[in-house]
Amino acid sequence: MLGLDAREAVFLGVPAVLGLLALVGVVVLLARTAALRRRVAALEGHRPAGDSDVAALRAEVAQALRHVAVVRYDAFGDMGGRLSFSAAVVDDRGDGLVISSIHARGESRTYAKGVVGGTSDATLSPEEQQALAAARTGKEQP
């Protein structure tokens, strides 16, 4: 082989093989670097919500009817089991509704009253007022 003995061929071939391996390694590293750059660019395109987005989300959550309270009671003295109830469902500003269901022996009646800013244009019963106060404060009242 070109007048070289085996030791000389190995001696000259090892650097060539090492050079080839180094070249392959560089190509692999460049490919991985390019892939990582693409991933970073994709992640930067999906940045988390900014301050204005967070403020908009908070405003939407404030309008959600998420404060709820239920007061159960006996509407009539001869009825037991506290089958009547008043339920208040309001948002952070106190806008929402109060629903009451009055159970008697032979019938049941249901009423709904709108609430704006924590007050209603219709007269609220004591139980409805209690449910509304509990929903607004998050604390059940006796």
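Annotations
- Residue within region 18-35 that is loosely packed, with under 14 Cβ neighbours inside 10 Å and under 27 Å from A135 (Cβ atoms) present: no
- Every pair of residues 6+ apart whose Cβ atoms lie under 8 Å, when the first sits in region 93-114 and is touching a residue at least 24 places away in the same chain (Cβ under 8 Å) and more than 21 Å from G77 (Cα to Cα) while the second is among the hydroxyl-bearing types (S, T, Y) and part of a loop (DSSP other than H, G, I, E, B): V98/S120
- Out of S86, S120, S108, S101, one residue alone is touching a helix residue (DSSP H, G or I) at 6+ places or on another chain (Cβ under 6 Å), within 29 Å of G138 (Cα to Cα), modelled with pLDDT of 85 or more and polar (S, T, N, Q). It is S86.
- Selected residue (only one of R32, R93, R66 is at pLDDT 80 or above and touching a helix residue (DSSP H, G or I) at 6+ places or on another chain (Cβ under 9 Å)): R93
- Failed item in (1) surrounded by fewer than 10 Cβ atoms within 10 Å (Cβ to Cβ); (2) under 19 Å from the mean Cα position of the chain (by Cα); (3) modelled with pLDDT of 75 or more, with A56 passing the rest: (1)
- Filtered by the rule that a residue be surrounded by 11 or more Cβ atoms within 10 Å (Cβ to Cβ) and charged (D, E, K, R), region 59-81 gives R66, R72, D74.
- In this structure, G25 does not satisfy being in the same structural domain as G114 (by TED's automatic domain parsing) and modelled with pLDDT under 80.
The values are calculated or read from the model by the stated rules, or taken from the named source; none is laboratory data. Quick caveat: nothing in here was measured; it's all calculated off a predicted structure. FYI the Cβ positions are ideal-geometry reconstructions off the backbone, even for glycines, and counts take in every protein chain you see.
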